[in-house]
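*Asks:* Structure below; questions to follow.
Bear in mind these aren't lab numbers, they're just calculated from the coordinates by the rules spelled out. None of the values given here were measured: they were computed from a predicted structure. Here the Cβ positions follow ideal geometry from the backbone for every residue, glycine too, while neighbour counts run over all protein chains shown.
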Ligand code: PSU
Ligand code: MN
């Protein structure tokens, strides 16, 4: 299946030289943040990965190819086109490829492509999960299924309360996905460092995470792992401010009848609007922090032989 992949020059070299590589997703660029902050953030993420000692591979579907590593013009195109580009999750990949339709890949689709390319570590902001009211809407992100199937470590800032955090943890437990706290016992809630929930295992170092994943692979235990890395203190938000914004955004979404793949982008955009951009500033910083930790993990995993 590797014939469907097109590597950037930088990633191809890294592959040839056996360097640690970190996957980055593209829905966060097109649908997760407004232009121009999205492009600036994507480029800075790549720089942070390089500065930490790994090679970034931003993933998307362009011109009928699974792109692993994007050129700067391609990042500009994704960011400028924004929601005009298709949001591609697992179920959309074959459609994009068969019809040569460009797609910005979600966590699920990015994991699938990273796995094909043998990239084992992936940095993002937040994953999709079990949505609030999922008991009636059945809105559960394909990201969770992918974590249960595909052997990639996903570094996130925990679960955002646009989701039902408790149900998301239950789902991951059912599916056998480890939720690891990076230097924390408490599951971070994306914009804030704490939630009412605990992670499964507190990990003190990137090496500990790499060691655990290496063992999971050696045991042939299918699936990935979710690392929850708390937002740095100086960028975390006031809990009441973000909780109110999210509650209002969820209510508004119900009134408007928004559902399916539009839900998450709508909620993310509405929360930025309701917090007058404060949530965007925090979101950007937590992504940078995740890029750094993902790079450290990829370096340790590389030493263990992947
Ligand atoms: N959460 C964020 N920012 C994002 C997303 C989620 O804080 O950009 C994106 C990711 O690409 C994630 C996707 O994989 O939304 C989940 O969408 P859905 O809930 O439709 O599966
Ligand atoms: Mn959904």
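*Asks:* Considering only the range 118-145, state which residues are near ligand 1 (Cβ under 9 Å from one of its atoms) and under 13 Å from the mean Cα position of the chain (by Cα). Steps first, answer last, please.
*Replies:* Here is the first cut: in the range 118-145, the residues near ligand 1 (Cβ under 9 Å from one of its atoms) are 124-129, 131, 139-144.
Selection gives 124, 125, 126, 127, 128, 129, 141, 142, 143, 144.
*Asks:* All but one of (1) surrounded by fewer than 23 Cβ atoms within 10 Å (Cβ to Cβ); (2) assigned to a loop (DSSP other than H, G, I, E, B) hold for residue 32; which doesn't?
*Replies:* The one condition residue 32 does not meet is (1).
*Asks:* If you go through the range 67-78 one residue at a time, do you hit one that is away from ligand 1 (no atom under 16 Å from the Cβ), part of a helix (DSSP H, G or I), on the phi < 0 side of the Ramachandran plot and in contact (Cβ under 8 Å) with a residue 40 or more places away in the chain?
*Replies:* No, the range 67-78 has no match at all.
*Asks:* Among the residues of the range 176-194, is there at least one that is surrounded by fewer than 16 Cβ atoms within 10 Å (Cβ to Cβ), over 18 Å from residue 127 (Cβ atoms), touching a residue at least 24 places away in the same chain (Cβ under 8 Å) and over 20 Å from the mean Cα position of the chain (by Cα)?
*Replies:* No: zero hits.
*Asks:* Residues of the range 209-230 being more than 23 Å from residue 171 (Cβ to Cβ) and crowded, with 16+ Cβ neighbours inside 10 Å, which ones?
*Replies:* 210, 214
*Asks:* Which numbered condition in (1) away from ligand 1 (no atom under 14 Å from the Cβ); (2) more than 23 Å from residue 50 (Cα to Cα) is the only one that residue 224 fails?
*Replies:* (1)
*Asks:* Mind counting the residues in the range 249-272 that are farther than 21 Å from residue 88 by Cα and exposed (fewer than 14 other Cβ atoms within 10 Å of the Cβ)?
*Replies:* 5
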